[in-house]
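Read-outs throughout are calculated quantities, based only on the coordinates presented, and are distinct from any laboratory measurement. None of the values given here were measured: they were computed from a predicted structure. Here the Cβ positions follow ideal geometry from the backbone for every residue, glycine too, while neighbour counts run over all protein chains shown.
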Amino acid sequence: MHISICIKEILEFLQITPGQIGLDATLGYGGHTLEMLKCLDSKGRLYAIDVDPLELPRTKDRLERLGYGSEILEIKQVKKSFQHFFREGVYSEIALEPIRPSAEECHVNSRARSAKLRWAIKA
């Protein structure tokens, strides 16, 4: 079973509100994306990208079954890395210090110990 990590920390940092437009650059299984979509409350738009061609359609299907379709969520596969987009000038800033899971979360989910999330600002 997949357990998304740093959900609380990420949502506190991003402070997502209904009507916003956002990007999840590491869609993966979609756990963080799902929580971001809940914050949007069916108002706004979320773009989600990932490099994994196998998990992408599964995650898209999973989120659609939960009621998050193309009217609020657009999912695309990317073939280039986040760092590539930074070098190309797509992002003006990438965080030097990553968001890390709390001690409590590491206790509950041992996989969380190695987690780091970096954010970026579009140029």
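What FRET efficiency comes out for the pair Glu97/Asp61, r = Cβ-Cβ distance, R0 = 25 Å, nearest 0.05? Here the calculated transfer efficiency is 0.10. Computing FRET efficiency as 1/(1 + (r/R0)^6) for Val108 and Leu14, where r is the C-beta to C-beta distance and R0 is 22 Å, gives about 0.50. Here the 3J(HN,Hα) profile of region 19-30, calculated from phi with Karplus coefficients 6.51, -1.76 and 1.60 at θ = phi - 60°, is x, 6, 10, x, 9, 9, 8, 9, 3, x, 6, x Hz, Gly and Pro shown as x. In terms of other Cβ atoms within 10 Å, Ile72, Ile16 run from fewest to most in the order Ile72, Ile16.
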